[in-house]
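Scroll down for the structure; my scribbles are underneath it.
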Amino acid sequence: MEELTIIAVRGLGLGAVFSLVAMSLNAVHRASGIFNFAQGSMLVLGGIIAALYMPNVPDPYRWALFLPVAAIALALVMTVQGYITLLPLRSSVEQHSWLVSTLAVSVLISAVILLLRGNSQILTTSQFPSFPVFGTRTPAPYIMVIVLAFIWYAALRWFHSRTLTGLSISAVAQDLDAARAAGLRVRKLQMLAFGISGLIIGSAGFTAAPILAIANDSGLAYVTNGFVAAVVGGIGSDTGALIGGALVGVLSMYTAFAYGGEFQNAVTLGLLVLVLMIKPEGLFGTPAARKV
């Protein structure tokens with residue numbers, strides 16, 4: 001029972017991190033058609049902010065103060081990144097320079113972390129005590145990041161269905177050319193989407209810092225698993241991101257527990273291949289129409 005609880009709770013917590021990465025990927029892709037492969041490194045930056053400013057003695061009030069600071073800081077960084085990424089594009093799909101630029105940002109962040117902090121893992125103290133779940137002591141960040149994933153899911157759902165700006169971004173997602181012809185300021189909406197993505201990933205990295213592997217080369221693993229969660233759930237679907245992240249997280253945790261961590265990536269990619277073979281649009285995705 002204890003082993004099952006550890007796999008389930010920690011797997012769902014890890015999956016919530018992947019879900020948040022997937023939702024942040026969806027936020028950018030919905031508005032621009034771009035996959036920002038720097039998301040994993042941005043998540044690590046959020047964790048580094050926690051490592052730098054959180055004390056070794058737990059201080060929940062300080063944590064609550066710095067959480068929005070970390071989210072806003074990453075939002076600003078990603079807005080600038082969005083501007084640079086979108087600058088050479090006449091539209092979001094005519095060119096693929098974004099592949100190079102987003103990967104270049106990821107490599108640059110990794111290099112800076114390596115130069116400043118070395119290649120050792122950066123540890124962060126949890127600001128909240130662990131508590132029992134079915135008799136098993138569980139670090140608080142696992143539960144907190146699950147709650148954060150549901151908060152962002154609800155916030156994004158409200159934003160895209162209830163606000164004029166959110167509806168405008170949804171219109172851009174449906175038909176970019178028609179949205180531009182209708183007078184929408186597409187480029188500003190796309191940059192806003194980058195900023196929202198930064199808020200998500202900044203808050204995720206800061207909240208989950210004590211349970212993340214924070215190092216110069218760990219961003220790739222997080223963006224890969226987040227991308228798998230997004231594809232499994234269905235690109236553009238935040239519901240799919242939530243479910244896909246949970247599936248990837250629990251499966252990864254079970255694989256690590258039963259067979260060893262070296263098999264995690266193989267099993268995760270196996271899940272991706274299986275879903276794409278059975279339902280290419282993902283569990284909650286919709287088939288896309290293609291112009292011929």
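The values are calculated or read from the model by the stated rules, or taken from the named source; none is laboratory data. All figures in this text were calculated on a predicted structure; none of them were measured in a lab. All Cβ positions, even for glycine, are placed from backbone atoms using ideal geometry, and neighbour counts span all protein chains on display. The area values use the complete protein model at the heavy-atom level, side chains included, leaving out ligands, DNA and RNA. Shrake-Rupley method; radii C 1.70, N 1.55, O 1.52, S 1.80 Å.
Toward the positive end of the charge dipole of the range 2-289, with +1 on the Cβ of Lys and Arg and -1 on the Cβ of Asp and Glu, the farthest Cα among SER168, TRP152, GLY245 is that of SER168. For the chain, the residue among ALA181, GLY82, TRP98 whose Cα projects farthest onto the positive side of the dipole built from Cβ charges is ALA181.
Could you give the angle, 0 to 90 degrees to the nearest 10, between helix 186-208's Cα long axis and the longest principal axis of the Cα atoms of the chain? The two axes meet at around 0 degrees.
One decimal place: the segment LEU167-ILE151 gains 3.8 nm when fully extended, by the rule 0.36 nm per residue minus the C-alpha distance.
For the range 119-133, 3J(HN,Hα) computed residue by residue from phi via the Karplus equation (6.51, -1.76, 1.60; θ = phi - 60°) reads 9, 7, 6, 8, 9, 10, 7, 5, 8, 10, x, 6, 8, x, 10 Hz, glycine and proline entered as x.
Near THR138, the amide H atoms lying under 5 Å from its own belong to PHE131, VAL133; only residues 5 or more places off or on other chains count, and H is placed 1.01 Å from N.
Using a basic spin-label model with each label point 7 Å from the Cα along Cα→Cβ, how many nm lie between ILE84 and VAL100? So the two model labels end up 1.4 nm from each other.
Nonpolar atom fraction for the chain, defined as the carbon and sulfur part of the 1.4 Å probe accessible area, stands at 69 percent. Using only the alpha-carbon atoms, how far is helix 2-32 inclined from the longest principal axis of the chain? Give it as 0 to 90 degrees, nearest 10. The angle comes out at about 20 degrees. For the chain, the solvent-accessible area works out to 49 Å² per residue, with a probe of 1.4 Å and every protein chain left in place. Taking only the Cα atoms of the range 1-89, the radius of gyration and Dmax are 16.3, 55 Å.
Under 5 Å between amide hydrogens, built in the peptide plane, is the criterion, and for ILE214 it picks out ILE122 among residues at least 5 positions away or on other chains.
Note on the chain: Cα-Cα pairs beyond 36 Å make up 13% of the total pair count.
Only protein heavy atoms count here; on that basis, with a 1.4 Å probe, GLU2 has an accessible area of about 110 Å². Candidates HIS29, THR207, GLY47 compared by Cα position along the dipole of the chain: farthest toward the positive end lies HIS29, with charges placed on Cβ. Tell me the relative contact order for the chain as a rounded percent, counting alpha carbon contacts under 8 Å between residues six or more apart. Relative CO of the chain lands at 36 percent.
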